[in-house]
1. Given R₀ = 35 Å, FRET efficiency for Arg94-Glu322 by Cβ-Cβ distance, to 0.05?
2. How long are the semi-axes of the ellipsoid equivalent to the chain, from square roots of 5 times the Cα gyration tensor eigenvalues, in whole Å, largest first?
3. Describe numerically, in nm with one decimal, the distance between label points set 7 Å from Cα along Cα→Cβ at Met403 and at Lys615.
4. Among Met403, Leu480, Gln436, pick out the residue whose Cα is farthest towards the positive end of the charge dipole of the stretch 388-489, where Lys and Arg carry +1 and Asp and Glu carry -1 on C-beta, about the Cα centre.
5. Hey, could you pull the Cα Rg and Dmax for the stretch 301-386, both in Å?
6. At a temperature of 25 °C and a viscosity of 0.890 mPa s, determine how fast the stretch 539-611 diffuses translationally according to Stokes-Einstein, using the Kirkwood radius over alpha-carbon pairs as Rh; express D in µm²/s, rounded to the nearest whole number.
7. Stretched out fully, how many nm does the piece from Glu71 to Asp297 gain, at 0.36 nm a residue minus the Cα gap?
8. How big, on average over all directions, is the shadow cast by the Cα convex hull of the stretch 338-484, in nm²?
Amino acid sequence: MNTVTNFDMHLFHEGTLFESYKLFGAHIIKENNETYTRFCVWAPSATNIRLVGNFNNWNGERFQLHRVNQEGIWCIHVKGNLHGALYKYEMTTRDGNKRLKMDPYGFCSEFRPGTASIVYSLDGYEWKDHQWLQRKSEKRMDRMPIAIYEVHLGSWRRHEDGTPLSYQEAAAELIPYVKELGFTHIELLPLIEHPLDESWGYQATGYYSVTSRYGSPFDLMHFIDQCHQNGLGVILDWTPGHFCKDGHGLYQFDGSYLYEYETYEDRENIVWGTANFDLGKNEVRSFLISNALFWMDYFHIDGLRVDAVANILYWPNQYGKENSFGREFLQSLNQTVIAHDPTFLMIAEDSTKWPHVTAPVEYGGLGFSHKWNMGWMNDVLTYMETAPESRKQVHGKMTFPLMYAYKETFILPLSHDEVVHGKKSLLNKMPGDYWQKFAQLRLLLGYMIAHPGKKLLFMGFEIGQFDEWKDKSALDWNLLDFEMHRKLNHYVKRLLKLYRRSKPLFEMDHMSEGFEWIDVHNYQQSIFSFIRRGVDEELVVVCNFTERTYIDYRLGVPKEGSYREIFNSDREEFGGSNCVNKKVVRTENVEFHGKPCSIRMTIPPFGLSIMRPVKHRKERKGNGKEKMCSHAVSWRERKQT
């Protein structure tokens with residue numbers, strides 16, 4: 001796009017120019033065999049704008065932008081290719097004051113504490129992820145396993161001098177690690193430019209600018225390209241509800257409240273010290289919806305986790321009053337994204353009871369593909385932090401989430417928010433002694449994998465962090481020098497391998513037919529048992545949330561025949577006491593738990609056991625081999641020796 005057309009400007013002001021990044025910002029163009037760098041910005045309340053940068057000694061006297069329409073779009077063509085140049089806009093406001101502002105559409109930014117934008121062409125990267133894109137286009141994401149590893153790139157691993165890994169280094173170290181664990185996606189805390197490290201990227205200034213903390217835009221493209229070539233999707237955290245108020249950013253951009261609401265009570269986000277986007281303003285909608293497509297088009301990302309949806313749906317300082325502008329914005333956003341790529345993941349981080357968050361817009365929904373199940377997270381963690389002998393009193397915390405599990409398409413999150421600010425690490429949330437903490441963490445993770453819904457876990461859980469997440473230092477990798485931590489890491493790999501290979505654990509996540517309680521009422525023993533179903537097969541899952549071991553525990557099952565234990569969280573190789581069911585167990589013609597037949601099995605302490613019906617050879621697909629570790633020892637055999 002070499003010229004600024006009246007039609008493009010009309011769409012922008014109408015709120016429907018969803019590739020506005022091709023109009024605004026700094027672009028290197030060619031006209032009549034001459035190379036220019038075109039700068040374009042929206043600033044209706046400015047009386048004068050000059051372009052300043054290191055190419056003109058920060059003197060904009062001869063670099064005056066020209067106003068090209070009454071609604072406040074300004075442009076300038078500077079002769080030459082200014083790729084790599086630092087620049088800002090020198091705004092003169094209506095009251096005569098001058099302020100230096102970064103480019104809202106700048107594609108690159110100066111390394112903090114610098115605040116200038118950088119001219120950067122995003123064209124020319126040679127992507128090699130064609131096979132990934134092709135395979136993704138053929139999938140139904142609701143019937144696929146999704147296990148997300150949530151990462152804060154600045155603190156996953158660090159160099160000896162305390163500096164974080166670059167995008168290039170993360171491609172070499174993080175990707176193979178996550179792939180070996182068995183996750184399907186990496187979710188990155190916001191990578192849009194932000195001034196304060198402690199905000200973790202959730203208080204942004206440059207929405208089109210890849211943070212320079214870890215490298216260049218091309219470096220991030222390389223990281224994502226490598227993820228795709230290794231079979232990993234990439235999700236970015238995104239904050240379209242509010243933005244940072246630092247002076248060089250969007251706040252009072254042209255001297256007026258341009259990107260934010262004009263009234264104080266709507267504008268000010270007091271809790272976070274930020275400003276709320278004016279989602280009723282057409283130009284702001286063009287800016288934000290374009291930003292979603294920008295990350296899709298230029299960086300090939302596979303999803304956005306939309307932060308603080310509650311802050312968009314409700315006016316922040318008006319006690320639960322619905323914001324129709326926010327609702328309309330989200331609906332338009334999701335419709336636009338899904339039209340652009342039907343496989344794209346739009347994930348709502350929503351803590352409210354707003355209905356139909358993941359229903360299509362044409363049916364009255366918001367149009368997200370998934371919603372974080374915050375209720376499940378709060379209830380399950382409350383249950384797990386309760387002393388085992390008292391869990392019978394909070395039994396309903398585990399059963400209630402199934403009452404609404406199919407009202408939305410859910411992701412079960414155990415995210416970074418749950419392991420900071422005095423909340424303890426996942427391992428340290430578990431009551432009891434050293435062994436019991438590990439056993440209960442394995443049980444929690446197993447229960448999460450077996451529960452309907454896609455999965456998200458924050459980095460560090462898999463090595464058994466005792467300390468909370470520390471954003472200024474790396475994970476405690478030295479823990480892997482200790483046996484129980486290594487065994488936990490091994491357990492996570494085996495658990496995720498089981499998840500990816502077991503269709504009953506993901507194929508019908510979104511359908512009530514995919515889950516059935518066997519015994520939901522056993523609060524006295526704190527044992528939960530249920531069935532997970534896929535299209536063609538089913539599994540029986542038993543979870544024991546106390547330290548007691550049960551021998552010859554009778555369990556109702558849906559079909560007669562034989563059952564083999566395919567997974568047990570209490571196995572010795574995982575750090576458990578090895579109370580396993582080594583042998584195939586046959587059903588008995590005894591009705592139990594409302595089922596036509598039953599089996600007798602060993603229930604391990606603080607353990608999860610998954611049983612699979614043994615199919616006759618003619619019923620099996622493939623070669624019909626049933627796999628299990630040959631060195632597994634039953635509880636009785638262990639006791640006898």
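1. Working from the Cβ atoms, E equals 0.55.
2. 52, 24, 22
3. For the pair Met403/Lys615, the computed spacing is 3.7 nm.
4. Met403
5. 14.0, 46
6. Details: Rh = 12.3 Å.
Approximately 200 µm²/s, per Stokes-Einstein.
7. Working: separation 226, 0.36 × 226 = 81.36 nm, distance 2.79 nm.
Between Glu71 and Asp297, full extension yields 78.6 nm more.
8. Seen from a random direction, the Cα hull of the stretch 338-484 projects 10.8 nm² on average.
Quick note: the coordinates plus some simple rules give every number you see, no bench work behind them. Fair warning: this is a prediction, and the values are worked out from it, not measured in the lab. Cβ coordinates were reconstructed from backbone atoms using ideal geometry, including for glycine residues, and neighbour counts include every protein chain displayed.
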